[in-house]
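The values are calculated or read from the model by the stated rules, or taken from the named source; none is laboratory data. Keep in mind the model is a prediction, meaning the values are calculated, not measured. Backbone-built Cβ (ideal geometry, glycine too); neighbour counts: all protein chains shown. These area figures cover heavy atoms from the full protein model, side chains too; ligands, DNA and RNA do not enter into them. Shrake-Rupley method; radii C 1.70, N 1.55, O 1.52, S 1.80 Å.
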Amino acid sequence: MSEIQCGKKNKQEPSDNYWEAVLFEFLQLVIGGVSIGCIYALVALGFVLIYKATEVVNFAQGDLMMLGAFLAFTFITILGWNYWLGALAAIVCMFVIGNLMDRAILRPVLGQPQFSIIMITIGVGYIARSAAGMMPGWGNETYAISTPFSSQGMRLIPESMGQLVVSQTDLSVIVATLLFCAGLFAFFKYTRLGVAMQASSQNQLASYYMGIPVKAVFSMIWGISAAVAAAAGILLAPTTLIDTNMGFIGLKAFPAAVLGGFGSIPGAVVGGVIIGIIETLAGFYLPPGFKNVAAYLVLLLVLVVRPQGLFGEKTGKRV
Amino acid sequence: MSDAILKVRNIETYYGPIVAIRGVSLDVQEGSIVTVLGANGAGKTTILKTISGVMDPQKGSVIFDGQEIQKQDPDWVMRQGLSHVPEGREVFPFLSVYDNLMMGAYTRKDRDEIARDVELVNSYFPILKERSDQPAGQLSGGEQQMLAISRALMARPKVMLLDEPSLGLSPRLVKEIFAIIKRLNVEQGMTMLLVEQNANIALHTADFGYVLEVGRIVMEDTTANLLEKDDIKEFYLGMQDHGVRGKRRWKKRKTWR
């Protein structure tokens, strides 16, 4: 996996105020961290959506992201479609794939022990990775998707105050994540189907009694989850390029989901951003190597100190 | 009794190898309240679950409105017009009271009618209107029971299945809820199949009753008659028979054994 590009350091002549430079350096790192954290947030969001509804932890989430990125690569680079059209098509395709995955692979094992279901998702991940490697035109190389966003920095504050820039790529990730979260929030809160999805994840049996087609609703949730993963993959592509193993980033989204409180959607987003920031800061200020383990150190710490996470819900049933 | 809207014929349902109901038949006439009484583990809930499709019977049939509905998915059964108010209320704890009601009307499309039914339900349970925006998980047990009944009503069912509406409620609330159940039956003509442990209130609310013991129906009659029977009085209503000697005859058996 290619190294994730973190915040850009500004090689500036030591100005009159040393601490100001340190502060701007820190802020610059945070901006980079937020951007990569948004990717974690989107992948974690996928984890949480599926977990909340079906109590399945989908270890193939990262690989769904990889598939989404490769589909976008196919549409945009190989077929030469417009970027937005290609991205949209990839997201729609992944929605269908996620939906079918639930119908074909997970629904038949409904009612089996959790362990077997989790093993199946891990297996699906492996298959997806190998299949992507075998596809004509895809293969095990590293590819780039041409995007309309430049990696050139844009000033956030006037030059007289200091150097603080954000690249268009980073900005696109942050804005897209915000839009996705807002869209999902509105969908779950205000649409009939969205509320029915919440209902099915809160009480499956009662949802059946209400006439909600719970199985179909679960497939829809898998679809949404895969679509969000595809979006994450497409947004990540300019930063890390795409290859068949990019799905391992899903493993970093896992601490993000736990930090936010597994099962909380806002938690997943906040957790993702925090993990992104911590990772970037650790990569800069701590000795080499800490960047890769920082997320897991946070995971361990959270499990010890606050196992329910930041936004975890602890409620008992009233009898 | 061929015009019954819900007919259960000789169903047998198993939990794995364990038989829970052994050949139960019952009829629910349109516009009436029918109750099934029984102790813990008699199979009352299992009957309702078999009717609503959560459990599949090994044998027998369930005929609703002239159509066989056994072994179908519960959401399909519900769309035929059978609403189930489950045991233990099972509201959606993190949805608002209003959204819970909307979920009850999930299968309906007519917005105006749904809005009218929300008004209707609120007139029966005014407390729910006050709590409209609160998450259902924050309601008291009695309010949750009211919500569960209202939610089932929102589907405009032909028949409601009520599973132990008195569970875990104070005697005053039980009275209140059963009064509303009776009103719904009289004013809205709602047909109900009511399963209950609280025999006293159930017999005073319902029109017809079945007595269930370990998976079999051992007695069926109008509730007026059932209330007069010695066995019911002694074993279900707890009224003791003071014999000639002024003492309880401890050897007395139930007549159906």
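Conditions tested, residue by residue: (1) of a type outside the set (A, V, I, L, M); (2) part of a helix (DSSP H, G or I); (3) away from every other protein chain (no Cβ under 14 Å); (4) touching a residue at least 60 places away in the same chain (Cβ under 8 Å).
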residue	(1), (2), (3), (4)
A:LEU205	no, yes, no, no
A:GLY223	yes, yes, yes, yes
A:ILE249	no, yes, yes, yes
A:ALA253	no, yes, yes, yes
A:VAL269	no, yes, yes, yes
A:VAL273	no, yes, yes, yes
A:ASN292	yes, yes, yes, no
A:GLY312	yes, no, no, no
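I'd like the full set of residues that are touching a Cys at 6+ places or on another chain (Cβ under 6 Å) and open to solvent by 20 Å² or more (accessible area, probe 1.4 Å), limited to the range A:270-305. Let's see the steps before the verdict.
Step one: of the range A:270-305, the residues touching a Cys at 6+ places or on another chain (Cβ under 6 Å) are A:280, A:283.
The one that is touching a Cys at 6+ places or on another chain (Cβ under 6 Å) and open to solvent by 20 Å² or more (accessible area, probe 1.4 Å): A:GLY283.
Each residue in the range A:136-171 was checked for being surrounded by 13 or more Cβ atoms within 10 Å (Cβ to Cβ) and of a type in the set (A, V, I, L, M, F, W, C), and 8 of them qualify.
For the structure I just gave you, tell me whether B:VAL91 is crowded, with 17+ Cβ neighbours inside 10 Å, away from chain A (no Cβ under 11 Å) and among the β-branched types (Val, Ile, Thr). Considered against the rule, which asks whether it is crowded, with 17+ Cβ neighbours inside 10 Å, away from chain A (no Cβ under 11 Å) and among the β-branched types (Val, Ile, Thr), B:VAL91 comes out as no. A:LYS189 meets all of the listed conditions (1) over 24 Å from A:ALA253 (Cβ atoms); (2) free of Cβ contacts under 8 Å to residues at least 40 places away in the same chain; (3) of a type in the set (Lys, Arg) but one, namely (1).
B:GLY209 falls short on exactly one of the conditions (1) away from every other protein chain (no Cβ under 14 Å); (2) outside any helix (DSSP H, G or I); (3) out of contact with any strand residue (DSSP E or B) (no Cβ under 9 Å at 6 or more places or on another chain); (4) not aliphatic (A, V, I, L, M), and that condition is (3).
For the range B:206-230, which residues satisfy the criterion of being open to solvent by less than 60 Å² (accessible area, probe 1.4 Å) and either without any contact (Cβ under 8 Å) to a residue 60 or more places away in the chain or of a type in the set (A, V, I, L, M) (or both)? Passing the criteria: B:ALA206, B:VAL211, B:LEU212, B:ILE217, B:VAL218, B:MET219, B:ASP221, B:THR222, B:LEU226, B:LEU227.
As for the range A:157-167, it holds no residue that is in contact (Cβ under 8 Å) with a residue 24 or more places away in the chain and of a type in the set (D, E, K, R).
Candidates are the residues of the range B:73-82 that are at the interface with another protein chain (Cβ under 7 Å from one of its Cβ atoms) and touching a Pro at 6+ places or on another chain (Cβ under 9 Å); the one that is surrounded by the most Cβ atoms within 10 Å (Cβ to Cβ) is B:MET78. Is it the case, given these coordinates, that A:THR177 is open to solvent by 10 Å² or more (accessible area, probe 1.4 Å) and either within 14 Å of chain B (Cβ to nearest Cβ) or not hydrophobic (A, V, I, L, M, F, W, C) (or both)? In short, no.
Each row is one residue, and each column tells you yes or no for (1) part of a loop (DSSP other than H, G, I, E, B); (2) touching a helix residue (DSSP H, G or I) at 6+ places or on another chain (Cβ under 9 Å); (3) not acidic (Asp, Glu).
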{"position": "A:ILE117", "(1), (2), (3)": "no, yes, yes"}
{"position": "A:ILE122", "(1), (2), (3)": "no, no, yes"}
{"position": "A:ALA132", "(1), (2), (3)": "no, yes, yes"}
{"position": "A:PRO136", "(1), (2), (3)": "yes, no, yes"}
{"position": "A:SER146", "(1), (2), (3)": "yes, yes, yes"}
{"position": "A:PRO158", "(1), (2), (3)": "yes, no, yes"}
{"position": "A:GLY162", "(1), (2), (3)": "yes, yes, yes"}
{"position": "A:LEU171", "(1), (2), (3)": "no, yes, yes"}
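Selection within the range A:48-81: residues that are within 22 Å of A:LEU205 (Cβ to Cβ) and among the charged types (D, E, K, R). The member of this set that is surrounded by the fewest Cβ atoms within 10 Å (Cβ to Cβ) is A:GLU55.
Entry remark, the range B:55-72: residues being crowded, with 17+ Cβ neighbours inside 10 Å and on the phi > 0 side of the Ramachandran plot number 1 in total. Figure legend. Inter-residue proximity from the range A:93-110: first residues in contact (Cβ under 8 Å) with a residue 40 or more places away in the chain and closer than 13 Å to A:MET220 by Cα, second residues of a type in the set (Lys, Arg) and in a helix (DSSP H, G or I), beta-carbon distance below 8 Å, spacing 6+ or different chains. Indicated pairs: A:ARG107/A:LYS215.
For the range B:124-180, a residue qualifies if it is under 25 Å from A:GLN198 (Cα atoms), open to solvent by less than 10 Å² (accessible area, probe 1.4 Å) and without any contact (Cβ under 8 Å) to a residue 40 or more places away in the chain, and the qualifying residues are B:LEU128, B:GLY142.
What helices (runs of 4 or more DSSP H) completely inside the range B:103-167 contain at least 2 residues that are within 14 Å of another protein chain (Cβ to nearest Cβ)? Please lay out each step first, then the result.
Details: elements: B:111-124, B:126-130, B:141-153.
It comes to B:111-124, B:141-153.
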